[in-house]
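Scroll down for the structure; my scribbles are underneath it.
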Amino acid sequence: MFEYVIIGSGFAFAAALQPGPLQAYLFSSVLRRGWRRTLPASFAPLLSDGPIVVIALFVLNQVPETYQTFLRLAGGLLLLYLAWVSYMSWQQGVMQEAETVDSAPRTLIQAMMVNLLNPNPYLGWSLVLGPAVVDAWQKSQAYAVVMVVAFYGTMVIGLAGTIYIFGRTKILGPRGQRALVLISAGILAFLGVYQLAVSLMNILSPA
């Protein structure tokens, strides 16, 4: 069970730190409204991922196990690509670009819309979390539940922490923000290698 906690929480932590539309919104909202008023937006993925999860799991349950293995393989490649993007962002100091965002949602509902229009949750659930949850469910329903709880618990806490850090940029500083991006890249790379290893073992193992 600990394996599924690590997968769920690790991917969520990396996703929470990954530069993207939602993180840009959070930074912009903090600049305009303060971190306390922005804090409820940390629940946006939890409240808006429902349709994404249902679609991803429904489709995955209709396809052969071999297809799920190749989806997981694609997910590992996606994670490695995101790790590379994060690393390049770390080199360029891309977190500072969020300050130039001109318009940002002011409510939790608008934050949920930002998340729904963000391709990252769809890719994450289709290629990474979806196959992992289906695999966990086949072994034990408790494992799947633990993974989902670990993912969204870590995601909400991670986004809340990010919002607070954005509100305390004088304490953290640009170097601290870039360090978080580098940590995210390392976690994504580790999860990507793990996904690839599991997929290749399933492909090469005898039937």
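The values are calculated or read from the model by the stated rules, or taken from the named source; none is laboratory data. Note that the structure is predicted; figures quoted are calculated from it, not measured. Here the Cβ is made from the backbone with ideal geometry for all residues, glycine too, and neighbour counts use every protein chain on show.
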Please enumerate the residues belonging to the range 119-140 that are modelled with pLDDT under 80 and under 16 Å from V198 (Cα atoms). L127
Among the residues of the range 127-162, what is the count of those that are of a type in the set (S, T, N, Q) and touching a Gly at 6+ places or on another chain (Cβ under 8 Å)? 1
Taking the range 26-58, which residues are among the β-branched types (V, I, T) and more than 11 Å from G167 (Cβ to Cβ)? I52, V53, V54, I55
